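First up is the structure itself, then whatever we jot down about it.
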Amino acid sequence: MSVYLHSAGTVLPGPPIDIASLAEKFDLPSVWEQWVESFIDNPYRHYSVDLDSGKLRFSLADLATTAGERALAAAGAAPADVDLLVMGTSSPDMLMPATVNVVADRLGIDDVATYQLQSGCTGAVQALDVARRLLGSGEHRTALVIGADSCAKHLDLSVDVRSLPPDQQVNGVLFGDGAGAAVLGVERGAHGVELLRTRVRCVGRGREPGQTLNWFGGADRHADRPAAVEDYKAVQDAVPPLAVQTLDEMLDALNWDRGEVDYVLPPQLSGRMTDEIHARLDVPDAQEVSCVRETGNTGNALPFFQLERLLPRMIAGDRAVGVAIESSKWIKAGYALEKVDA
């Protein structure tokens with residue numbers, strides 16, 4: 001059974017925060033700003049936390065609910081139409097209840113299958129994969145798929161950032177908060193964009209994690225270990241070749257060559273790395289769909305920001321391939337879309 005992408009909706013919390021504002025807030029030298037601009041090149045990010053007061057303005061469930069509402073509205077669908085809800089996140093509000101079920105309650109969705117996938121930057125594609133397979137089985141007709149992340153739990157405004165090693169500083173400038181959602185269904189819909197294929201593979205055997213996020217409970221809340229650490233050098237080395245592998249595998253499975261791809265949606269870790277990856281993907285005739293320089297890295301929300309930009313641009317016959325790479329324990333994921341004739 002064919003599965004179609006009907007819409008995408010997204011949300012960013014608060015105003016954009018630039019590098020100069022972060023440097024001023026944490027009393028960081030100009031050389032730090034230069035390092036961020038040259039090494040990472042994520043000019044902006046959005047936070048759920050107010051940097052002046054430290055007050056949390058939006059929970060992850062708040063953001064995910066808004067993104068879900070926007071995706072449903074864009075699809076002309078009602079909550080009652082949804083019979084499958086899948087969410088990917090690396091930063092749920094709490095371990096239980098699952099954030100996906102809080103979002104379902106807020107949206108007025110009940111008595112449906114719900115799934116929450118705990119994953120980093122491939123979680124959105126994993127959620128699309130689960131939804132596509134379940135819709136394709138004929139068991140469901142309309143799915144709401146959500147990807148959302150928030151660094152609010154790890155944004156400690158009292159810390160002396162200058163004292164932190166680079167592997168702890170880098171997360172603070174890479175990542176921001178946001179949520180995205182998409183409506184999928186077995187009917188063709190107004191856009192007529194078919195989700196032809198999804199692919200997810202864990203390739204972490206024998207590899208050290210590139211990123212670690214720690215969670216703390218009552219027994220270890222004062223443990224002397226950092227909340228978030230990223231081996232950015234390992235990520236720089238591993239992500240581009242994994243992205244190329246993923247694109248090659250997707251094209252082989254679809255029997256497409258690079259000249260038949262009209263749009264490519266590359267991984268969005270940072271502006272600098274996106275440029276490198278796009279060059280190595282070697283799809284010169286395809287239009288790149290990227291947003292990380294405007295949004296910051298919003299984790300599992302990012303593919304939906306890309307899809308929201310892509311959908312209005314596709315015309316009949318257009319083909320698109322998206323790639324996402326997860327560096328915590330190394331997952332590569334991809335998806336392919338085609339706009340079919342009416």
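The values are calculated or read from the model by the stated rules, or taken from the named source; none is laboratory data. From a predicted model like this one, the values you see are computed outputs, not experimental measurements. When we count neighbours, we look across all protein chains shown, and the Cβ atoms used for this are built from the backbone with ideal geometry, even at glycine.
Tally the residues that are among the small types (Gly, Ala, Ser) and either in contact with a Phe, Trp or Tyr (Cβ under 6 Å, 6 or more places away or on another chain) or buried (at least 20 other Cβ atoms within 10 Å of the Cβ) (or both), restricting the search to the stretch 35-73.
Residues meeting the conditions: 6.
Quickly run through the stretch 45-92 and pick out the residues that are among the β-branched types (Val, Ile, Thr) and part of a helix (DSSP H, G or I).
65, 66
Is it true that residue 235 is hydrophobic (A, V, I, L, M, F, W, C), within 20 Å of the chain's Cα centre (by Cα) and outside the structural domain of residue 13 (by TED's automatic domain parsing)?
Here the answer is yes, as residue 235 does meet what is asked.
Residue 153 fails exactly one of the following numbered conditions: (1) out of contact with any Ser or Thr (no Cβ under 8 Å at 6 or more places or on another chain); (2) outside any loop (DSSP other than H, G, I, E, B). What is the number of that condition?
Of everything listed in (1) out of contact with any Ser or Thr (no Cβ under 8 Å at 6 or more places or on another chain); (2) outside any loop (DSSP other than H, G, I, E, B), residue 153 misses just condition (1).
Mind checking which pairs have a first residue in the stretch 295-317 that is on the phi > 0 side of the Ramachandran plot and a second that is of a type in the set (Ser, Thr, Tyr) and surrounded by fewer than 24 Cβ atoms within 10 Å (Cβ to Cβ), Cβ under 7 Å, 6 or more apart or different chains?
296/44; 299/90
In the stretch 326-342, which residues are within 13 Å of residue 203 (Cβ to Cβ) and in contact with a Leu (Cβ under 6 Å, 6 or more places away or on another chain)?
332
Have a look at 244, 264 and point out the one that is without any contact (Cβ under 8 Å) to a residue 60 or more places away in the chain and in a strand (DSSP E or B).
264
How about the stretch 1-34: which of its residues are buried (at least 18 other Cβ atoms within 10 Å of the Cβ) and in a loop (DSSP other than H, G, I, E, B)?
3, 12, 13, 28
How about the stretch 169-203: which of its residues are in contact with a strand residue (DSSP E or B) (Cβ under 6 Å, 6 or more places away or on another chain) and assigned to a helix (DSSP H, G or I)?
Within the stretch 169-203, 170, 171, 174 qualify.
Closer than 21 Å to residue 202 by Cα and either of a type in the set (A, V, I, L, M) or assigned by TED's automatic domain parsing to the domain that holds residue 168 (or both), is that true of residue 310?
No, not satisfied.
I need every pair where a residue in the stretch 106-127 that is not assigned by TED's automatic domain parsing to the domain that holds residue 67 and outside any helix (DSSP H, G or I) has its Cβ under 7 Å from the Cβ of a residue that is β-branched (Val, Ile, Thr) and modelled with pLDDT of 95 or more, sequence separation at least 6 or different chains.
Here the result reads none, with nothing in the stretch 106-127 linked to a residue that is β-branched (Val, Ile, Thr) and modelled with pLDDT of 95 or more.
Hey, among 334, 299, 317, 271, which residue is within 19 Å of residue 178 (Cα to Cα) and in contact with a Lys or Arg (Cβ under 9 Å, 6 or more places away or on another chain)?
Result of the check over 334, 299, 317, 271: 271.
Are there any pairs, at least 6 apart or on different chains, whose C-beta atoms fall under 6 Å, with the first in the stretch 194-222 and of a type in the set (D, E, K, R) and the second part of a strand (DSSP E or B) and modelled with pLDDT of 90 or more, and if so, which?
194/4; 194/338; 197/336; 199/334; 201/332
Failed condition for residue 281, given (1) at pLDDT below 95; (2) surrounded by fewer than 24 Cβ atoms within 10 Å (Cβ to Cβ), with all others met?
(1)
Output the residues belonging to the stretch 183-207 that are within 23 Å of residue 122 (Cβ to Cβ) and of a type in the set (Val, Ile, Thr).
183, 193, 198, 200, 203
Looking at 253, 234, 219, can you tell me which residue is in a helix (DSSP H, G or I) and under 29 Å from residue 164 (Cβ atoms)?
234
In the stretch 138-165, what count of residues is obtained for those that are modelled with pLDDT under 90, surrounded by 24 or more Cβ atoms within 10 Å (Cβ to Cβ) and of a type in the set (Val, Ile, Thr)?
0
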